[in-house]
1. Which whole number of Å³ per residue matches the convex hull of the alpha-carbon atoms in the stretch 35-108?
2. With all protein chains present, calculate the accessible area of TYR59 using a 1.4 Å probe and round the result to the nearest 10 Å².
3. Accessible area of VAL5, 1.4 Å probe, to the nearest 10 Å²?
4. How much accessible area does ARG38 have with a 1.4 Å probe, in Å² rounded to the nearest 10?
5. By how many nm would the segment from ARG107 to GLN82 lengthen if fully extended, with 0.36 nm per residue of separation less the alpha-carbon distance?
6. For the stretch 2-55, what number results from the quotient of the Cα radius of gyration and 2.2 N^0.38 Å?
7. Using only the alpha-carbon atoms of the chain, report the extent along each of the three principal axes, biggest first, to the nearest angstrom.
8. In terms of solvent-accessible area of protein heavy atoms at a 1.4 angstrom probe, what is the ranking of PHE29, PHE47, highest value first?
Amino acid sequence: QVQLVESGGGLVQAGGSLRLSCAASGRTFSWYDGGWFRQAPGKEREFVAAILWSGDSTYYADSVKGRFTISRDNAKNTVYLQMNSLKPEDTAVYYCAGKTNEDPVERLGGYDYWGQGTQVTVSS
């Protein structure tokens, strides 16, 4: 079992930055691909970014490419999401997730473990 806890959310003005952290416990998270998803009110949960267990490859949704950066520190069992140039449409609950299977990183159903989420609100 892996427990994931997100932190770093909050209220920020448009154009600002936030850094989300996802701390894992229970098992060595370095074995897991790490993903970030988000869910806005009234919308489905959507893929934001992912990083393979090795850290060699990263993936981004088109809507955040060039603004968000995913990274990981396996020694700390933590995955990060640096969010710059935030827009009001980035407002959502952000969830981190982990998987060990070969499903595409964008596939929500492929993830085995999920955090409880952290709220990000971007004001205009």
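1. It is 91 Å³ per residue.
2. That residue has around 80 Å² of solvent-accessible surface.
3. 90
4. 10
5. Computed gain between ARG107 and GLN82 is 6.9 nm.
6. Computed over Cα atoms of the stretch 2-55, the ratio equals 1.32.
7. The Cα atoms of the chain stretch 40, 25, 25 Å along the principal axes, largest first.
8. Heavy-atom accessible area, descending, gives PHE47, PHE29.
The values are calculated or read from the model by the stated rules, or taken from the named source; none is laboratory data. Remember, predicted model here, so these are calculated numbers, not experimental data. Note that each Cβ is placed from the backbone with ideal geometry, even for glycine, and that neighbours are counted across all protein chains shown. Ligands, DNA and RNA are stripped out before the accessible areas are found, and what is left, the full protein with its side chains, is counted by its heavy atoms. Shrake-Rupley method; radii C 1.70, N 1.55, O 1.52, S 1.80 Å.
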